[in-house]
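The block underneath contains the structure these notes are about, expressed in structure tokens.
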Amino acid sequence: MKAIVLTSTLYSDNSYMLNLFTDELGYVVVSVKVGKRSKVRLSHIQPLTLLSLELHGRPSQQVMHITECIALPGCESIATNPTKMLTAQFLAEFLNHTLRQVQNDLSLFNFIFESICQYNSIERGIANFHLTFLVKLTHYMGFFPNLEGLDSGVCFDLENGCFVRRLPLHNNYLLPNDTMAFVHLLRLDYNTMYLFDINRQQRNQIIDYIIKYYKLHMAEFGELRSLDILRE
């Protein structure tokens, strides 16, 4: 099966606990030894690494074990580019929060897998990749914004995922200027994201909006430890 590495935790000697997202089983937790005598190398367990592997154990078990592991092409430049590497760390942690309850969703897996491959190959607009990816991900998570009512001067209601002319009775909304920046982001893809010309402060503000949007639509999302590193 194919797998995407989300997080790895060292728990004894060379033994690691990995959180993976796979094409056949969805989100799984596996135990593995890493080293010269193992089929798994340290390079295999980096965030967003793409793997082909075999697992021992039943899906109903809390922890499975890797018996065969091969790194797939598609993340070579991520491992050597510091900016891509830090973004991958953030996105892997983000996905670890959002995919915990996903058992088997091939279309979602393929979207993430292909996005990583595209990120590996592109050079323009990489600073906007995480923004574009997370907005596109909402399609598969079931809460992509409802574009009805989109017009100049509207606000975006984060709680209900729609555009409104009057301010909602709650505080979870974007004012018109921020809404238009968000709308611009909705229209981008990986080939055009370099056209989204914003500075670091604006980028940090937008990621805050996106994270807030996810938290409003997903229970027990949790805090992202890698976010502060990404901001820098």
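The values are calculated or read from the model by the stated rules, or taken from the named source; none is laboratory data. Note that the structure is predicted; figures quoted are calculated from it, not measured. Heads up, the Cβs are rebuilt from the backbone with ideal geometry, glycines too, and the neighbour counts pull from every protein chain shown. Just the protein is used for accessible areas: all its heavy atoms, side chains included, with ligands, DNA and RNA removed. Shrake-Rupley method; radii C 1.70, N 1.55, O 1.52, S 1.80 Å.
So which trypsin sites (Lys or Arg not before Pro) in the range 1-90 end up in coil per DSSP with only 14 or fewer other C-beta atoms within 10 Å?
Filter output for the range 1-90: LYS36, ARG37, ARG41.
Over the chain, average the accessible area per residue using a 1.4 Å probe and give it in Å², no decimals. Show your work: numbers first, answer last.
Working: 12410 Å² over 232 residues.
Accessible area per residue, the chain: 53 Å².
GluC sites (Glu not before Pro) within the range 79-173: which are DSSP loop residues with at most 11 other Cβ atoms inside 10 Å? Intermediate values should be presented prior to the final figure.
Numbers: sites: GLU93, GLU114, GLU123, GLU148, GLU159; in loops: GLU123, GLU148, GLU159.
Passing both the DSSP loop test and the Cβ count: GLU123, GLU148.
Nearest 5 is fine: what % of DSSP beta bridges in the range 34-166 come out antiparallel, could you say? Working shown, then result.
Values: 9 of 10 bridges.
About 90 percent, rounded to the nearest 5.
If the limit is 20 Å between Cα atoms, which of LYS36/LYS84; LYS136/LYS212; LYS2/LYS84 go over it? Working shown, then result.
Numbers: LYS36/LYS84 27 Å; LYS136/LYS212 16 Å; LYS2/LYS84 22 Å.
Distance filter (> 20 Å) returns LYS36/LYS84; LYS2/LYS84.
So how long is each side of the range 131-202 along the principal axes, counting just the alpha-carbon atoms, biggest first, in Å?
For the range 131-202, the Cα extents along the three principal axes come out at 36, 27, 21 Å.
With θ set to phi - 60°, apply the Karplus curve 6.51 cos²θ - 1.76 cosθ + 1.60 along the range 140-146 and write out the HN-Hα couplings as whole Hz, x wherever there is a Gly or Pro.
7, 8, x, 9, 5, x, 6
Considering only protein heavy atoms and a probe of 1.4 Å, how much of the accessible area of the chain is carbon and sulfur, as a whole percent? Each step should come with its number before you reach the end.
Working: 6000 of 12410 Å².
Ligands and nucleic acids excluded, carbon and sulfur give 48 percent.
Taking R0 as 30 Å, what FRET efficiency do you get between VAL29 and LEU186 from their Cβ-Cβ distance, rounded to the nearest 0.05? Working shown, then result.
Values: r = 34 Å, r/R0 = 1.12.
It comes to 0.35.
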